[in-house]
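K.L.:
Encoded as structure tokens, here's the structure I'll be asking about.
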Amino acid sequence: MTRRPLLAVVAATTALLLAACTGGSDGPTAAPSASADAATDAATDGTTASTGELTPLTVGLTYVPDIQFSPFYLADSLGYYRDAGLDVTLRHHGANEGLFTAIEQGQEDVVVASGDEVLTERASGGTLTQVATLYDTSPVALIAPADGGITTAADLRGKTIGVPGEYGATYLGLLVLLDEAGLTPSDVTIQSIGYTQTTALLTGQVDAVMGYLNGDAVRIEAGGMAVTTLEPGSLVGVGIAVPDALLASDPDAVWAFVTATLQGVAAVEDDPEGAVEVAADGYIPGMTSQAKADALAVLEATIPLLSTTGETDPAEWDAMAQAMLAAGMITSVPDGGFTNP
């Protein structure tokens, strides 16, 4: 079946609303459905959407609005959440807010986080479970100049490698790469550079950086440097996490949210150009033409990594846990931590 571009769907939906002269909406999260079939399904399968009573969910999206969150923006804009019986509020964290602060305080119901972040939280006594992983392949990678002589992890011996800091998925990815090559951190120079990977590599401050295939690598190549990337195994990418209490008390809402978000992933894959326009129109303020072009490049690099099933590989999760344990990032491997749709 031929799919209609997102912009056409949004335009058609808006036209139908105007023709119907419906009342005011509840804001961005109350966007109308882009699919009459989906609305019919919601009305006939017993969901709260059929009665007009929507289950509220506040979703924590880390820090600033960004094209990386386009599956959530599209699921909201195209009405997938509402069709699923949900009244979703997308909330970006403040720059000084901890990743899990709001969800721990009950201000959020869902948070977007990487597998290592969820496992760290759980190992420290938290109760989050990753209910869907949005990437089949983790975007974490070592990025080096194509002419810099680094083609395998073994070539890292004696090199200076920039990392945002000795924490998180990028640092874990470096440790995994070193271990895969039979190296240790003492065989390289690890330099904390903050989130300046592009500048640090383009100006030759370091020999390589740890960053993201769909972000840092794209920006570095846009800066005129061809790159080689090395991808560590044993990493679980960004996903959707919820408190165990919510998963136990309202599993229907949790899985409805996961399903609708995966519809958003599929919509991004179908029409990345339209996804950029939707993001610029209502979710990322002040996007210039250049910013839109940059965002499209990021989406085009992201699409090959995305998952439309949301499944987490148990062996990959276990391998990540063992790597984190060996690195001292956790002191014990907690029970649970993820479940699959």
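The values are calculated or read from the model by the stated rules, or taken from the named source; none is laboratory data. Everything numeric in this text was worked out from a predicted model, so none of it was measured. Reconstructed Cβ throughout: ideal geometry from the backbone, glycine too, with neighbour counts over all protein chains shown. Note: accessible area is taken over every heavy atom of the protein model, side chains too, but ligands, DNA and RNA are not part of it. Shrake-Rupley method; radii C 1.70, N 1.55, O 1.52, S 1.80 Å.
K.L.:
Need the full-extension length gain, T127 to A293, defined as separation in residues times 0.36 nm minus the C-alpha distance. One decimal, nm.
P.N.:
Working: separation 166, 0.36 × 166 = 59.76 nm, distance 3.94 nm.
The span from T127 to A293 would gain 55.8 nm if fully extended.
K.L.:
Rg and Dmax of region 174-265, using alpha carbons, in Å: what are they?
P.N.:
Computed over the Cα atoms of region 174-265, radius of gyration and Dmax are 18.7, 53 Å.
K.L.:
Estimate the FRET efficiency between N96 and Q205 by the formula 1/(1 + (r/R0)^6), using the beta-carbon distance for r and 25 Å for R0, to the nearest 0.05. All intermediate terms of the calculation are to be shown ahead of the outcome.
P.N.:
On the way: r = 27 Å, r/R0 = 1.07.
FRET efficiency, N96 to Q205: 0.40.
K.L.:
Calculate the radius of gyration of the Cα atoms of region 108-257 to one decimal place, then report Dmax, the largest Cα-Cα distance, as a whole number, both in Å.
P.N.:
Answer for region 108-257, Rg first and Dmax second: 17.3, 55 Å.
K.L.:
From the convex hull of the Cα coordinates of region 276-341, what is the mean projected area in square nanometres? Please report the intermediate quantities before stating the final value.
P.N.:
Values: hull surface 28.7 nm².
Computed as one quarter of the Cα hull surface, the answer is 7.2 nm².
K.L.:
Follow-up question, since we're still on this one. When every alpha-carbon pair in region 204-334 is counted, what percent end up more than 25 Å apart? Please list the in-between numbers first.
P.N.:
Numbers: 3922 of 8515 pairs.
Summing the P(r) tail past 25 Å for region 204-334 gives 46 percent.
K.L.:
Turning to a different aspect of this structure: What is the sum of charges around P304, taking Lys and Arg as +1, Asp and Glu as -1, for the other residues whose C-beta is under 11 Å from the C-beta of P304? Present the calculation step by step, with values, prior to reporting the outcome.
P.N.:
On the way: positive: none; negative: D136, E269, E300.
Result for the neighbourhood of P304: -3.
K.L.:
Where does the charge balance sit around D335 when Lys and Arg score +1, Asp and Glu -1, over other residues with C-beta under 15 Å from its C-beta?
P.N.:
Working: positive: R122; negative: E121, D244, D318.
Computed value for this residue: -2.
K.L.:
Multiply the residue gap between T189 and E311 by 0.36 nm, knock off their C-alpha separation, and tell me the result in nm, one decimal place.
P.N.:
Values: separation 122, 0.36 × 122 = 43.92 nm, distance 3.59 nm.
That works out to 40.3 nm of additional length.
K.L.:
Something else about it: Less than 13 Å Cβ to Cβ from L134, Lys/Arg counted +1 and Asp/Glu -1: what total charge do the surrounding residues give?
P.N.:
Values: positive: none; negative: D136, E269, E311.
Overall, the nearby charge balance is -3.
K.L.:
With the crude spin-label approximation of a point 7 Å out along Cα→Cβ, what separation in nm comes out for E53 versus T137?
P.N.:
So the label points at E53 and T137 sit 4.7 nm apart.
K.L.:
Order T199, T129, T58, most accessible first, counting only protein heavy atoms with a 1.4 angstrom probe. Before the final figure, lay out each step's value.
P.N.:
Numbers: T199 80, T129 10, T58 35 Å².
Result, largest first: T199, T58, T129.
K.L.:
In addition: Using R₀ = 41 Å, calculate the FRET efficiency as 1/(1 + (r/R₀)^6) where r is the Cβ-Cβ separation of N340 and E221; round to 0.05. Walk me through the numbers on the way to the answer.
P.N.:
Working: r = 34 Å, r/R0 = 0.84.
The value I calculate is 0.75.
K.L.:
How large, in percent, is the carbon and sulfur part of the accessible surface of region 107-156 at a probe radius of 1.4 Å? Don't skip to the answer; put the middle values down first.
P.N.:
On the way: 670 of 1490 Å².
Looking at region 107-156 in its full context, I get 45 percent from C and S.
K.L.:
Using the heavy atoms of the protein chains and a 1.4 angstrom probe, tell me the accessible area per residue for region 155-224 in square angstrom.
P.N.:
Details: 2990 Å² over 70 residues.
Each residue of region 155-224 exposes 43 Å² on average to a 1.4 Å probe.
K.L.:
A further question follows. Counting only protein heavy atoms and using a 1.4 Å probe, what share of the accessible area of region 167-252 belongs to carbon plus sulfur, as a whole percent?
P.N.:
On the way: 1830 of 3620 Å².
Taking all protein chains in place, region 167-252 shows 51 percent carbon and sulfur surface.
K.L.:
Order W317, W255 by their accessible area, 1.4 angstrom probe, all chains in place, largest first. Display every interim value, and only then the final one.
P.N.:
Values: W317 5, W255 70 Å².
In descending accessible area the options line up as W255, W317.
K.L.:
Can you sort Y195, Y73 by solvent-accessible area, 1.4 Å probe, largest first?
P.N.:
Details: Y195 170, Y73 5 Å².
I get Y195, Y73, largest accessible area first.
K.L.:
Once all Cα-Cα distances of region 110-180 are split into 5 Å bins that start at 0, what whole-number percent is in each one?
P.N.:
3, 13, 22, 20, 16, 11, 8, 5, 1, 0
K.L.:
I'd like the distance separating the alpha-carbon centroids of region 232-304 and region 120-187, in whole Å.
P.N.:
Cα centroid of region 232-304 versus Cα centroid of region 120-187: 23 Å apart.
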